[in-house]
Amino acid sequence: ATPTAVMVATGKGASLGVLIKGGDALEKSHKVKTVVFDKTGTLTRGKPSVVSAVLFSSYSMKEFCDMAAAAEANSEHPIAKAVVEYTKRLRQKFGSNAAEHLPKAKDFEVHTGAGVSGTVGGKRVLVGNRKLMRTFDVAFGHEVEDYVSENEQQARTCVLVAIGGKIAGAFAVTDPVKPEAARVVSFLHSMGISSIMVTGDNWATAEAISKEVGIQSVFAETDPLGKADKIKDLQAKGTTVAMVGDGINDSPALVAADVGMAIGAGTDVAIEAADIVLIKSNLEDVITAIHLSRKTMSRIR
Ligand code: ADP
Ligand code: MG
């Protein structure tokens, strides 16, 4: 495209809330054949909340929640925020004195794609998924398995909590899909563009969400580099790929893609890694960007 055409299109994009960082991104977008979507915060609202808590030990619900929240208080993960929020509400319900602070966690550590760990009141607390429990050799029985699979089939993510090496309880967390997600996937399909989902979350939850939005091809339990590898596999087959993501964990994939698109409400790292920023965080703007590119490129040919 001519410099003028690029300027006109990027200006038009900006006015629509689609920030295109250069001519290259604009020119490549019209060739996109596959859009890879991250799940959490991209297809879903990214504002998860706890819908249920269950005890698998003799701790009281308040003790249990306080210890889990103490460990999660140090994490930026949306799931961590949901656990802390739930604990706050529970404390209010039981009329806890506001001056009574959450216990503090020591030796806090983040385990990317798995959860967090810390020491609370002299006890080791682990909060995260099954992978985290396996890493720390925490065993769990049928009761826990059943709770987890029941919730995962309903598109909920389970957060397991181990205290002192034993499962103490769990939270079920829900993160609803964005209202426009299914519409966008089906519209892309009508444009001859296929959609794929990649996520660090577990397979059962991932499949339940993908069914809701109409995506048939899913890759779950994928770490950040695994997401990028998925993109490279598609490119090796000659496909022009766009990646849409919001998290730090999406940045390698955003860089690897022919066109990286970041959700405006996402992390700074993702926004920096992307070629296009969807300022309004609305998935419809994936289509806006591709349309803009198609229009610009057809004008020159
Ligand atoms: P996604 O790719 O869906 O954005 P992440 O890679 O951030 O997901 O995390 C993958 C999974 O690891 C989460 O679904 C959750 O089960 C677990 N996890 C990560 N961080 C935390 C945390 N702070 N607390 C609880 N669970 C966590
Ligand atoms: Mg995400």
So, in the range 257-301, how many residues would count as being over 18 Å from the mean Cα position of the chain (by Cα), of a type in the set (A, V, I, L, M) and closer than 26 Å to Asp229 by Cα?
5
Taking the conditions exactly as written (at pLDDT below 95, out of contact with any Asp or Glu (no Cβ under 7 Å at 6 or more places or on another chain) and in the same structural domain as Val32 (by TED's automatic domain parsing)), does Lys280 satisfy them or not?
no
So how many residues does the range 233-265 have that are at pLDDT 95 or above, touching a helix residue (DSSP H, G or I) at 6+ places or on another chain (Cβ under 6 Å) and over 21 Å from Leu188 (Cβ atoms)?
3
State whether one or more residues within the range 210-220 are away from ligand 1 (no atom under 14 Å from the Cβ), among the aromatic types (Phe, Trp, Tyr) and at pLDDT 95 or above.
no
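Out of the helices (runs of 4 or more DSSP H) lying entirely within the range 7-107, which hold 1 or more residues that are within 16 Å of ligand 2 (Cβ to nearest atom)?
Numbers: elements: 23-29, 61-72, 78-93.
Hits in the range 7-107: 78-93.
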Out of (1) free of Cβ contacts under 8 Å to residues at least 60 places away in the same chain; (2) touching a strand residue (DSSP E or B) at 6+ places or on another chain (Cβ under 7 Å), the odd one out for Asp229 is which?
(2)
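Just for the range 39-54: of the residues that are among the β-branched types (Val, Ile, Thr) and within 9 Å of ligand 1 (Cβ to nearest atom), which one is surrounded by the most Cβ atoms within 10 Å (Cβ to Cβ)? Can you show your working first?
First, the residues of the range 39-54 that are among the β-branched types (Val, Ile, Thr): 40, 42, 44, 50-51, 54.
Narrowing the set further to residues that are within 9 Å of ligand 1 (Cβ to nearest atom) leaves 40, 42, 44.
Details: Thr40: 25, Thr42: 30, Thr44: 24.
Of everything passing the filter in the range 39-54, Thr42 is surrounded by the most Cβ atoms within 10 Å (Cβ to Cβ).
Answer with yes or no whether Ser57 is surrounded by fewer than 19 Cβ atoms within 10 Å (Cβ to Cβ), more than 16 Å from ligand 1 (Cβ to nearest atom), modelled with pLDDT of 95 or more and not assigned by TED's automatic domain parsing to the domain that holds Asp201. Full working, then the answer.
Details: surrounded by fewer than 19 Cβ atoms within 10 Å (Cβ to Cβ): yes; more than 16 Å from ligand 1 (Cβ to nearest atom): yes; modelled with pLDDT of 95 or more: yes; not assigned by TED's automatic domain parsing to the domain that holds Asp201: yes.
Criteria met by Ser57.
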For the list (1) surrounded by fewer than 22 Cβ atoms within 10 Å (Cβ to Cβ); (2) more than 16 Å from the chain's Cα centre (by Cα); (3) not hydroxyl-bearing (Ser, Thr, Tyr), I need the number of the one condition that Ala69 fails.
(1)
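Give the residue, chosen from Thr205, Thr239, that is more than 14 Å from the chain's Cα centre (by Cα) and either within 13 Å of ligand 1 (Cβ to nearest atom) or touching a residue at least 12 places away in the same chain (Cβ under 8 Å) (or both).
Values: Thr205 fails: more than 14 Å from the chain's Cα centre (by Cα).
From the options Thr205, Thr239, the qualifying one is Thr239.
The values are calculated or read from the model by the stated rules, or taken from the named source; none is laboratory data. If you're wondering where the values come from, they're calculated on a predicted model, not measured in any experiment. Here Cβ is always computed from backbone atoms with ideal geometry, including for glycine, and neighbour counts include all displayed protein chains.
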